[in-house]
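The values are calculated or read from the model by the stated rules, or taken from the named source; none is laboratory data. Keep in mind that this is a model prediction, so the values were computed, not measured. Here Cβ is always computed from backbone atoms with ideal geometry, including for glycine, and neighbour counts include all displayed protein chains. Keep in mind that these areas ignore ligands, DNA and RNA; they rest on the heavy atoms of the full protein, side chains included. Shrake-Rupley method; radii C 1.70, N 1.55, O 1.52, S 1.80 Å.
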Amino acid sequence: MPIKFTKLATDALNDRYLHRDAQGNITETPEEMFRRVAKHAASAEPCESDRKFFEELFYQAMANLDFLPNSPTLMNAGRPAPHGQLAACFVIGIEDDMNSITKALTKQMLIHKTGGGTGFNFSKLRPANATVNSTNGRASGPVSFMRLFDLSTEIIQQGGMRRGANMAILNADHPDIEQFISCKDKEGVITNFNLSVGITDDFMRRATTQPFSREAHILEEIAAHAWKTGDPGVVFIDALNRDNPCPEYGPIEATNPCGESPLLADEACNLGSINLGHYVKNGRIDFDRLKGTVNLAVRFLDDIITVGQYPLPEIEAAVKRTRKIGLGIMGWADMLYQLHIPYDTKEARDTARQIMAVIDASAKGESYRLADIKGSYNGDRQKPRNATRTCIAPTGTLAILADASSGIEPMFSNYHTRKMTTQSGETKEYTVFNKHYEQLIADPKITDDEIAQICKTAYTVAPLDHIRMQAAFQQQTDL
């Protein structure tokens, strides 16, 4: 039976996901896409009966829109080399020499070509006008080199399907930090990077206790420019490394483009999301079915590590050394609407902690079971199969495909017009209705005042309540 997609989801599939022939004609249906992905993932299983068994389970989870893997997996699974890159998130290390910089640029281009996004920490590069002994010249500084990476992104589309995405991090103690903070002030200079300032515990102590310190000034500059241009954000470097599951392999210095996946240099992570809106039954959360989907999704994502192709040998080695996966969620706001719980309440946050605790425990348990069957990421059977299991991504396009609310965000709007620009440059408009809102307003047992409380959207939820919700989920999330 054909899967029922919205018009927006159908157009997104046709434009970006379904395979095409050399003439650009679509050669598969959405059902065939999910079958292709399921079969390729299950090919990692050790025996034929397991491959057939898990292929069917993987297919049903995706076809029901209960679980979807990240876009590179949907686009590339089952494709021949060199097109079978399946991970979404990469981090590339950069040292302060030209060989390292040019190698990082090459890695970025190869990763973008195959559909991944890249993150960098430019803090090791010397500041602008510093002496370069090898040439008796002057350094141009991190922001100058960022423009080079930005230009390459302009040229190389991700997997031939979308423009590439990057994260640039510069630590707050770098001499060029103010130039970095303001580098998006001029339109068109840096267009393909998200920006984050790397902040330590000591920086925050000084910024919050010494109002006239350099740190307090930098924090004010970050806030002012974030308000002005949307960038930079901040990344708490010490906090990342307190939770680093593999410190023996080095410190975590950077994240993927959206910031949800902190990784070591040359690591990649494939992500997937469970659609929580599908796990409400008779007004209650169906935890048993949720646990089953979590277990299946962990196995799927681990199999993707095995069957995926990688742009370079050092990336493959780093990925298979720690086998990090990132299972997250979408449809959280959909679930709250069905449970009649307002987003900005303690009850919602308590439910978030409960949901993520169940997902975390189930994912960890399945990873230990996989370690018994296939071995641990480091050979120690007392360790799980995967160094990380959970990670909450924004799920932009995946949420469109699943007709779900994005990630853990509040409902964007109960009724709005959405625009999508196709690969050919055509702009299409879609009228989007929130089906859960329509069900609530049609229910005679729910008053208008109750609907107003339950159905708050992104613009009516206070900023602090956005942060509180993120904190609630983060307590039970690996990445």
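Some values worked out for this structure:
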{"item": "Cα-derived Rg to Rh of the chain, Kirkwood definition", "result": "0.96"}
{"item": "Relative contact order (percent, whole number), the stretch 154-225, Cα cutoff 8 Å, 6+ residue spacing", "result": "29 percent"}
{"item": "Estimated inter-spin distance, Glu426 and Phe287, nm [label 7 Å along Cα→Cβ]", "result": "4.9 nm"}
{"item": "Over 30 Å between alpha carbons, listed pairs Lys228/Lys364; Lys7/Lys52; Lys428/Lys456", "result": "Lys228/Lys364; Lys7/Lys52"}
{"item": "Average Cα contact separation per residue, the chain, under 8 Å, 6 or more apart, as relative contact order %", "result": "15 percent"}
{"item": "Mean separation of Cα contacts under 8 Å, 6 or more apart, over the residue count of the stretch 263-329: relative contact order %", "result": "57 percent"}
{"item": "Average projection area in nm² (convex hull over Cα atoms of the stretch 67-155, one quarter of hull surface)", "result": "6.9 nm²"}
{"item": "Longest site-free stretch - the chain; sites: GluC sites (Glu not before Pro), DSSP loop, at most 10 other Cβ within 10 Å", "result": "188-425"}
{"item": "Rounded, prolate or oblate (a/c below 1.5 giving rounded, otherwise prolate when a/b exceeds b/c) for the stretch 290-424 by Cα gyration tensor", "result": "oblate"}
{"item": "Farthest positive-ward along the chain dipole, Cα basis, beta-carbon charges - from Ala41, Tyr279, His466", "result": "Ala41"}
{"item": "The chain - charge dipole about Cα centre, Lys and Arg +1 at Cβ, Asp and Glu -1, debye rounded to 20", "result": "660 debye"}
{"item": "Dipole magnitude (debye, nearest 20) for the stretch 79-205, charges at Cβ of Lys, Arg, Asp, Glu", "result": "560 debye"}
{"item": "With DNA, RNA and ligands ignored, accessible area of Arg385 (1.4 Å probe; Å², nearest 10)", "result": "20 Å²"}
{"item": "Calculated [θ] (222 nm, deg cm²/dmol) that DSSP helices of n ≥ 4 give over the chain, each run adding -39,500 (n - 2.57)", "result": "-13500 deg cm²/dmol"}
{"item": "Full-extension gain in nm, Asp50 to Leu339, via 0.36 nm per residue minus C-alpha separation", "result": "100.3 nm"}
{"item": "Taking the C-alpha atoms of the stretch 164-261, convex hull volume expressed per residue in Å³", "result": "107 Å³"}
{"item": "Whole-number D in µm²/s for the stretch 313-353 (Stokes-Einstein; Kirkwood sum over Cα pairs; 20 °C, 1.002 mPa s)", "result": "166 µm²/s"}
{"item": "The stretch 209-358, Rg to Rh (Cα coordinates; Rh as Kirkwood inverse mean 1/r)", "result": "1.05"}
{"item": "The stretch 223-302: C-alpha gyration tensor shape, a/c 1.5 cut-off, then a/b vs b/c", "result": "oblate"}
{"item": "Within the chain, longest stretch free of exposed chymotrypsin sites (Phe, Trp or Tyr not before Pro) [DSSP loop, at most 10 other beta carbons within 10 Å]", "result": "213-458"}
{"item": "Nearest-10 value in Å² for the accessible area of Val234, using the 1.4 Å probe", "result": "60 Å²"}
{"item": "Per residue value of the accessible surface for the chain (all protein chains in place, 1.4 Å probe), Å²", "result": "45 Å²"}
{"item": "The stretch 314-445 - percent of accessible surface contributed by carbon and sulfur, probe 1.4 Å", "result": "48 percent"}
{"item": "Förster radius 22 Å - calculated FRET efficiency between Lys7 and Gln439 (Cβ-Cβ, nearest 0.05)", "result": "0.65"}
